[in-house]
Amino acid sequence: CGCSLGTASEEPKTRQVIAMTTIMNLRVYGKKSDRALNDGEKEIHRIDARLSVGNSDSEVSKLNAAGGGVVSGDVATLMQKALDIYRSTDGAFDISIYPIMKLWGFTEVYDESDPKTSTKVKHIPSSSAIAQTLTKVDASKIRYDAKTKTLDLPADMQIDFGGIAKGYTSQRLIDIMKKDGVTAAMVELGGNVQVYGQKPDGSPWRVGIANPKNREKMVGTLNLTKSCAVITSGSYERYITDSTGRKYHHIIDPNTGYPAESGLASVTIVCKDGTTADALSTALFVMGKDKAIAYWRAHHQMFDAILVDQNQRVYVTAGAIKAFQKNAGFSVREI
Ligand code: ADP
Ligand code: MG
Ligand code: MG
């Protein structure tokens, strides 16, 4: 019939990488795709080695042990972004939450080097232990000098970039792949997706928005024609279960020390910058629907959002409504 079925160069090359307890899928188009995949894979392991709190040799572990020090370029970038978002979200995003994560045992899930920790901990801390540990959480006490890249943590304070690391990684992957000369790429780090460029066939990127209640059935799809990050935080991703079967998820309200009970089941952020998107997905989840919408109104030029509440109602901000294609059975409200 004369129609072309797509030449070899129009087919993407793909790679799967497992790191940060996450299955990562990289997909790239263009002539330089092998190099981009190799560089991307190296970059994931490089960042993981810097940020992993489960690895006592990582830069972040050493900073935590020493109460600070002069930080690398990666940590400098993350520190600035994390503190910015801490301030703009009234403390909903707080990297000093780490002692609380440890208390709940969530960090154990992150320690890939220790086989014992692959079994999930079923320990729910006492309210007094939570209150005691919360006294160590307060990012306003972090002293960080961006000029000299010097970090000074108060005694007992420890930080964790778990709420921002994968978005930073997806951003770095896209930046590196662009430099390598790929024409288009999609990286998927669990619920952290970032797309770049245009596919050879001109079709939009399609990113599914998971249904927090049922992993098989998506609430809808984003059809994207511009390079951007699409990053989701959900209460369904990682959790521990107590002896009664009650689930406790890993996004903590820094005001209470307990998993955030904000009425939201997931928050998806659409933003040019992956690092910002990841921090905001965690922060807006903690804030809950009303505060999240107020935050969006004040920063709508920076990002868009899709919120799914616990009754499976879907809220989509104005800038994302055209791109969002809902699935049957869900009610969508435009913000
Ligand atoms: P995921 O890890 O599934 O991508 P998030 O991006 O929302 O989900 O990050 C959750 C992680 O962020 C937690 O595992 C923990 O390391 C960290 N974290 C939890 N609560 C907060 C918070 N309020 N502020 C900053 N980081 C947090
Ligand atoms: Mg994340
Ligand atoms: Mg996040």
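A short reminder: the numbers here are calculations on the coordinates, not readings from a lab. Bear in mind that the values here come from a model prediction, so they are computed numbers and not experimental data. Note that each Cβ is placed from the backbone with ideal geometry, even for glycine, and that neighbours are counted across all protein chains shown.
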In order through region 132-137: 3J(HN,Hα) via Karplus (6.51 cos²θ - 1.76 cosθ + 1.60), integer Hz, x for Gly, Pro: 4, 5, 4, 5, 8, 9
Please name whichever of Ser140, Asn214, Ala165 sits farthest to the positive end of the charge dipole of the chain, dipole taken about the Cα centre and charges placed at Cβ: Lys and Arg +1, Asp and Glu -1. Asn214
Whole-percent pair-distance distribution, where bins are 20 Å wide, for the alpha carbons of the chain: 31, 59, 10, 0
Assign one of three labels to region 164-242, namely rounded, prolate or oblate, based on the Cα gyration tensor with a ≥ b ≥ c the square roots of its eigenvalues; rounded applies when a/c is under 1.5, prolate when it is not and a/b is larger than b/c, and oblate otherwise. oblate
Dipole check, the chain, charges on Cβ (K,R +1; D,E -1), about Cα centroid: among Pro259, Thr107, Ala320 the Cα furthest to the positive pole belongs to Ala320
Computed ³J(HN,Hα) along region 299-305: with the Karplus parameters 6.51/-1.76/1.60, θ = phi - 60°, integer Hz and x for glycine or proline, the list is 10, 5, 6, 8, 7, 10, 8
Among Tyr29, Ser331, Val230, flag the residue with its Cα farthest along the positive direction of the charge dipole of the chain, charges on Cβ as +1 for Lys/Arg and -1 for Asp/Glu. Ser331
Using only Cα atoms, tell me the angle between helix 274-287 and the longest principal axis of the chain; keep it within 0 to 90° and round to the nearest 10. 50 degrees
For Cα pairs less than 8 Å apart in space and 6+ apart in sequence, what is the mean separation divided by the residue count of the chain, i.e. the relative contact order in percent? 16 percent
Extent of region 21-74 along each principal axis, from alpha carbon coordinates, in Å, largest to smallest? 46, 23, 11
Within 10 Å, count the other beta carbons around each residue, average over each peptide in 163-175, 192-204, 132-144, and list them highest first. 163-175, 192-204, 132-144
Taking R0 as 41 Å, what's the FRET efficiency between Ala155 and Asp201 from their Cβ-Cβ distance, rounded to 0.05? 0.10
Which one, Arg313, Arg246, Arg206, has the greatest fluctuation when you compute a Gaussian network model over the chain with C-alpha springs under 10 angstrom? Arg246
In debye to the nearest 20, how big a dipole does region 266-333 give about its Cα centre with +1 on each Lys and Arg Cβ and -1 on each Asp and Glu Cβ? 240 debye
Given labels modelled 7 Å from the Cα in the Cβ direction, how far is it in nm from Lys291 to Ser127? 2.0 nm
Run the quick spin-label model on Asp138 and Asn223: label points 7 Å from Cα toward the beta carbon, then report their separation in nm to one decimal. 5.2 nm
J(HN,Hα) series, region 13-30, from Karplus relation 6.51 cos²θ - 1.76 cosθ + 1.60, nearest Hz, glycine and proline x: 9, 10, 8, 10, 10, 10, 7, 6, 6, 9, 7, 10, 10, 10, 9, 10, 10, x
Let me make sure I get this right: for region 251-335, a, b and c are the square roots of the gyration tensor eigenvalues over alpha carbons, sorted descending. Under 1.5 in a/c it's rounded, otherwise prolate if a/b > b/c, else oblate. Which is it? oblate
